[in-house]
Amino acid sequence: MSKPFKFKEFTVNQDRCAMKIGTDGVLLGAWTSVEHNPFNVLDIGSGTGLLSLMIAQRSYADQIEAIEIDDDAFEQCVTNFENSPWADRLFCFHASLIEYIEAVDEKFDLIICNPPFYTEDYKTKDNARDLARFSDAMPLEHIIFAVINFLSEKGKFSIVIPFKDEEKYIEEASLIHLFPNRILRVRGNEKSDLKRSLIEFSYSKTPIKISELIIETERHQYTEDYINLTKDFYLKM
């Protein structure tokens with residue numbers, strides 16, 4: 001049974017969620033810009049609710065809505081929201097992305113997504129874990145379709161994807177006139193390959209600010225850049 005994950009200002013229960021707290025989510029929640037003071041936020045595929053909770057801590061957003069299709073993850077997300085200091089600003093909807101698109105007519109100033117990555121042909125025997133990890137549960141096209149529907153004119157869309165998919169994803173987004181403004185490329189240590197790309201899109205075409213983050217110098221020895229980015233959240237940073 002997975003223990004609750006304690007952050008500085010909130011705790012995340014994750015025993016009912018297929019995908020546990022991971023570096024990708026923490027990085028995206030800490031890196032995503034809130035300097036444009038979003039009034040409302042949409043978290044696509046919330047899982048435990050981590051991203052929504054991090055944005056609630058970092059911003060004054062009045063309304064943060066999360067969507068989660070899995071029954072257990074939805075119930076856990078609701079509990080995590082209710083137990084947080086920002087319960088009055090956090091809402092989770094039990095729906096697929098397509099159902100939510102059909103039901104909601106609203107524009108959001110910030111959309112965040114830590115999507116499933118795995119597209120391999122194999123599956124495990126754990127349906128919930130498959131749903132959380134395999135991108136056929138939330139295809140790229142559905143996420144982009146959601147952004148077309150929901151992103152406000154001056155809003156920002158922030159996502160974490162495998163580095164190998166960066167170029168393809170930017171091309172896909174350009175078809176709906178979404179342009180990358182900031183990119184953070186992540187590698188585990190200075191000798192490892194680039195693993196992730198965090199990309200922030202908007203409808204404004206600006207020079208792209210590209211940076212790179214190395215997480216560790218050696219096992220459990222974190223770089224200053226990683227500490228500075230995550231220190232408001234992790235207890236031991």
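The values are calculated or read from the model by the stated rules, or taken from the named source; none is laboratory data. Everything numeric here is computed off the predicted structure, so don't read it as measured data. Every residue, glycine among them, receives a Cβ derived from its backbone with ideal geometry; neighbour counts consider all protein chains shown. Accessible surface is based on the protein model in full, side chains and every heavy atom, while ligands, DNA and RNA are left aside. Shrake-Rupley method; radii C 1.70, N 1.55, O 1.52, S 1.80 Å.
All alpha carbon pair distances within the range 166-232 were sorted into 10 Å bins beginning at 0; the resulting P(r) in whole percents reads 20, 42, 25, 12, 1.
Based on C-alpha pairs under 8 angstrom that are at least 6 apart in sequence, the chain has a relative contact order of 17 percent. Ordered from largest to smallest accessible area (heavy atoms of protein chains, 1.4 Å probe), the residues Glu224, Glu141 come out as Glu224, Glu141. Considering the zone a paramagnetic label at Tyr234 would reach in this model (a point 7 Å from Cα along the Cα-to-Cβ line), which residues of the range 19-52 have amide N under 18 Å from it? Backbone N within reach: 20-32, 50-51. A 1.4 Å probe over all protein chains sorts Thr23, Thr32 by accessible area into Thr23, Thr32, starting with the largest.
Heavy-atom accessible surface of Ile144, to the nearest 10 Å², is about 20 Å², with a 1.4 Å probe and all protein chains retained. For the range 1-68, the set of GluC sites (Glu not before Pro) satisfying both a DSSP loop assignment and a count of at most 13 other C-beta atoms within 10 Å is given as Glu35. Computed from the Kirkwood radius of its Cα pairs, the Stokes-Einstein diffusion coefficient for the chain at 25 °C and 0.890 mPa s stands at 136 µm²/s.
What is the projected area of the convex hull of the Cα atoms of the range 16-61, averaged over all directions, in nm²? Averaged projected area of the range 16-61's Cα convex hull equals 3.2 nm². Once each of the trypsin sites (Lys or Arg not before Pro) sitting in a DSSP loop with at most 10 other beta-carbon atoms within 10 Å is removed, the chain keeps 1-124 as its longest stretch. Taken about its Cα centre, the chain carries a charge dipole of roughly 880 debye when the Cβ of each Lys and Arg holds +1 and the Cβ of each Asp and Glu holds -1. Computed from label points 7 Å out along Cα-Cβ, the spacing between Asn83 and Ile210 is 4.2 nm. Think of it as helices only: each DSSP H run of n ≥ 4 in the chain is worth -39500 (n - 2.57), and spread over all residues that comes to -8500 deg cm²/dmol at 222 nm. A dipole drawn for the range 182-224 from +1 and -1 charges on Cβ atoms has a positive end, and of Pro207, Tyr222, Gly188 the residue lying farthest that way is Pro207.
Hey, which of these cross-link pairs are over 23 Å Cα-Cα: Lys8/Lys107; Lys20/Lys195; Lys154/Lys205; Lys164/Lys191? Where the Cα-Cα span goes over 23 Å, the pairs concerned are Lys8/Lys107.
Remark: the Glu218-Glu9 segment gains 72.5 nm on full extension, using 0.36 nm per residue and subtracting the alpha carbon distance. Exposed loop positions in the chain were taken to be chymotrypsin sites (Phe, Trp or Tyr not before Pro) whose DSSP state is not H, G, I, E or B and which have at most 13 other beta-carbon atoms within 10 angstrom. Between these positions, the longest stretch is 123-237. Temperature 4 °C, viscosity 1.567 mPa s: under these conditions the Stokes-Einstein estimate for the range 1-88, based on its Kirkwood radius over C-alpha pairs, is 100 µm² per second.
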